[in-house]
1. Restricting attention to the range 27-40, which residues are surrounded by 14 or more Cβ atoms within 10 Å (Cβ to Cβ) and either within 14 Å of H64 (Cα to Cα) or among the acidic types (D, E) (or both)?
2. Condition first: of a type in the set (S, T, N, Q) and without any contact (Cβ under 8 Å) to a residue 24 or more places away in the chain. Now tell me which residues in the range 1-30 satisfy that.
3. Please go through the range 14-41 and give me each residue that is under 14 Å from S56 (Cβ atoms) and hydroxyl-bearing (S, T, Y), ordered by number.
4. Can you tell me which residues in the range 9-26 are within 13 Å of F71 (Cβ to Cβ) and either surrounded by fewer than 17 Cβ atoms within 10 Å (Cβ to Cβ) or charged (D, E, K, R) (or both)?
5. If I filter the range 45-59 down to residues being charged (D, E, K, R) and not in a strand (DSSP E or B), which single residue comes out as surrounded by the most Cβ atoms within 10 Å (Cβ to Cβ)?
6. If I ask for residues that are in contact with a helix residue (DSSP H, G or I) (Cβ under 8 Å, 6 or more places away or on another chain) and either outside any strand (DSSP E or B) or over 22 Å from D5 (Cα atoms) (or both), which ones from the range 15-44 would you list?
Amino acid sequence: MSRDDLIQLEGVVTKAMGGGMMEIQCENDLTIRGVLSGRMKKHRIKVLVGDRVQVSVSPYDTTHGIITYRF
């Protein structure tokens, strides 16, 4: 699967868990468990509860994804 096949969703971080895991509430009432992408870890971009984020989700499993951007 290529990067172009991923679904881009926007949502708000509702819960911060350990290891860079976040719980994200999307606009279409979908709850996703997401992890920080490698670039966000590399550049030390902090994501806190209440931040709007963009999540890349696989079309096969929409319950978890990768946080790729913080607004």
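All of the numbers you see were taken from the coordinates with simple rules; none came from a lab. What you see is a predicted model, and the numbers here were worked out from it, not measured in a lab. Every residue, glycine as well, gets a Cβ built from its backbone with ideal geometry; the counts of neighbours run over all protein chains shown.
1. Within the range 27-40, the subset surrounded by 14 or more Cβ atoms within 10 Å (Cβ to Cβ) is 30, 32-37, 40.
Passing the criteria: L30, I32, R33, G34, V35, L36, S37.
2. First, pick out the residues of the range 1-30 that are of a type in the set (S, T, N, Q): 2, 8, 14, 25, 28.
S2, Q25, N28 - these are the residues of the range 1-30 that are of a type in the set (S, T, N, Q) and without any contact (Cβ under 8 Å) to a residue 24 or more places away in the chain.
3. S37
4. E10, V12 - these are the residues of the range 9-26 that are within 13 Å of F71 (Cβ to Cβ) and either surrounded by fewer than 17 Cβ atoms within 10 Å (Cβ to Cβ) or charged (D, E, K, R) (or both).
5. D51
6. G20, K41
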